[in-house]
1. Using only the C-alpha atoms of segment B:2-248, find the volume of their convex hull and express it per residue in Å³.
2. What are the ³J(HN,Hα) values, in whole Hz, obtained from phi via the Karplus relation 6.51 cos²θ - 1.76 cosθ + 1.60 with θ = phi - 60°, for each residue of segment A:94-108 in sequence order, with x given for Gly and Pro?
3. For B:Lys161 and A:Asn231, FRET efficiency with R0 = 30 Å and r from the beta-carbon atoms, rounded to 0.05?
4. Roll a 1.4 Å probe over the protein heavy atoms and report the accessible area of A:Glu98 in Å², nearest 10.
5. Beyond a 27 Å Cα-Cα separation, which of these cross-linked pairs lie in this structure: A:Lys42/B:Lys13; A:Lys183/B:Lys245; A:Lys152/B:Lys13; A:Lys113/B:Lys3; A:Lys14/A:Lys217?
6. Using only protein heavy atoms and a 1.4 Å probe, how much accessible area in total is buried between A and B, to the nearest 100 Å²?
7. Counting only protein heavy atoms, what percent of the accessible surface of segment B:2-248 is carbon or sulfur at a 1.4 Å probe?
8. Which one of B:Ala77, B:Ala103, B:Ala234 has the biggest mean-square fluctuation once chain B is modelled by GNM with Cα springs under 10 Å?
Amino acid sequence: MAAIETKKLTKSYKDLIAVDGLDLTIEEGELFSLLGVNGAGKTTTVKMLSTLVKPTAGEATVLGYTLGRDDAKIKELVDISMQETAVARKLTVKENVELFARIAGQTGEEIEKTEREVFDAFGLGKVANKKAAELSGGWQRKLSIALALVSKPKLLFLDEPTLGLDVIARRELWRVIEGLRGKMTIILTTHYMEEAEALSDRIGIMRDGKLLFVGTKEELYQKTGKNDVENAFIEVVSGGDRNA
Amino acid sequence: MRKSLARIYALSKRNVKEIVRDPLSLIFMIGLPLFMEILFYLLFHKQTDQFEMKYLAPGIVVFSQAFLSLFTGQLIALDRSSSLLTRLYVSRATSVEFILSYALPILPLTLIQSVLFFLVGGIVDPGLFGWRMPLAILLGLITSLFFIGMGILFGSICNEKSIGGIASILIACQSLLSGMWFPTEGLGGGMVALMNALPFRNATQLMQNTILGFGDAWSGFWRPMLILLAYSLAAFVCAVLVFKKKMKQ
């Protein structure tokens with residue numbers, strides 16, 4: 001079953017078409033990267049698919065449910081890690097995890113199990129009793145992403161997860177994301193080409209709200225005649241025509 | 001319903017922790033009003049009736065509640081700017097649950113404020129103790145609703161930088177338009193009419209009348225109560241509408 005299927009999905013604001021007639025299918029279990037320069041429409045796409053923003057036109061199904069009509073059901077199955085670090089700053093790491101677990105409807109032993117899983121996956125155990133505000137930027141970002149997993153989503157949106165992180169912290173997060181592969185569908189937006197190259201099953205490239213390319217890395221190289229994602233991306237974005 | 005209550009409880013618990021773990025909130029909600037209560041009593045209660053504890057303590061309770069708007073608003077503005085609220089909006093929680101979780105945890109805080117300021121007032125002037133004191137403490141929950149509603153409204157409109165300035169205006173209004181620091185007899189009729197039409201003096205009078213005796217039931221209790229409830233309702237309705245609109249953006 002497709003995790004996401006969009007037909008002519010569009011979001012426009014007064015003078016701007018942020019996403020323009022998006023046709024996209026993402027299969028369940030896929031790790032799909034959405035690439036694009038600033039203002040390409042990546043974050044708006046993620047916000048529409050995660051029920052945060054209402055589309056202006058078009059339709060979409062998320063995990064079999066219709067966007068707009070079944071938003072409550074969709075909310076039960078998806079989670080998001082925003083571009084910005086979004087944690088409760090004066091709560092400890094443990095309290096943050098507990099808060100998100102309770103919001104997801106977990107209780108008692110279930111919460112403890114979630115805490116263990118999240119602490120193991122992200123190595124957060126050693127800072128469990130520290131307030132989020134006292135953590136370094138890298139740890140805060142880790143916590144922010146970890147919180148998106150607390151609800152055990154079937155579909156996870158990671159919007160620029162490694163933005164602003166140093167190379168070591170970025171590689172650590174890659175390892176964590178890699179560990180999630182196959183356990184859920186992941187849609188990743190990123191500016192970092194090497195990130196998309198290292199992690200993705202398939203890549204989508206957007207510019208000016210339009211999807212210019214969808215396919216595997218190999219298909220991207222073949223279409224553009226390049227042998228790395230960065231140069232292939234530049235070729236697609238500067239070329240302007242849809243390549244696939 | 002049960003899951004909804006569990007979410008409201010979890011979010012409320014978090015919101016209380018966020019507020020009480022900020023030392024500034026404790027200084028302004030507890031420390032400053034307490035200092036003013038004792039200082040103004042000691043300095044002026046022999047010269048002016050206004051500063052006798054039966055007038056001063058109820059006034060201080062409402063004055064301290066004005067700071068609730070600042071810290072509630074600040075919490076919401078920060079949650080908005082840090083995207084925490086946006087992120088939580090993807091969860092199963094609804095906007096009504098969010099609003100309740102910002103409003104409900106403030107009630108125990110305001111109860112603590114009322115108990116503390118009346119107890120300290122009673123220690124300084126034992127004449128304050130009596131059956132009217134617990135009644136005033138309970139009515140304090142009602143007077144706080146206006147400030148909580150305004151806090152949610154401010155937090156939904158303002159950013160974290162502007163919230164301090166906007167809430168300060170409300171705090172200044174409570175201080176200057178409540179009549180707690182000066183007798184209103186010398187003021188012009190227009191000014192008194194304005195003060196009577198706004199919620200600040202009505203909140204203070206309701207609390208003072210509870211301690212002093214309501215006298216005429218309409219002017220002593222029902223009129224200030226109804227005016228205050230009307231403002232509180234308006235503040236909450238605006239807060240809910242603006243909060244929902246902002247969340248959709």
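The values are calculated or read from the model by the stated rules, or taken from the named source; none is laboratory data. If you're wondering where the values come from, they're calculated on a predicted model, not measured in any experiment. A quick note on method: Cβ atoms are made from the backbone with ideal geometry, for glycine too, and the neighbour counts reach across all protein chains shown. When the accessible area is computed, the model is the full protein with side chains, heavy atoms only, and any ligands, DNA or RNA have been set aside. Shrake-Rupley method; radii C 1.70, N 1.55, O 1.52, S 1.80 Å.
1. Taking the convex hull of the Cα positions in segment B:2-248, it is 129 Å³ per residue.
2. Residue by residue, segment A:94-108 yields 4, 5, 4, 5, 4, 4, 5, 5, 5, 5, 7, x, 7, 9, x Hz.
3. 0.10
4. Its accessible surface works out to 40 Å², give or take rounding.
5. Working: A:Lys42/B:Lys13 35 Å; A:Lys183/B:Lys245 35 Å; A:Lys152/B:Lys13 23 Å; A:Lys113/B:Lys3 19 Å; A:Lys14/A:Lys217 36 Å.
Pairs exceeding 27 Å: A:Lys42/B:Lys13; A:Lys183/B:Lys245; A:Lys14/A:Lys217.
6. 2400 Å²
7. 72 percent
8. Answer for the Gaussian network model of chain B: B:Ala234.
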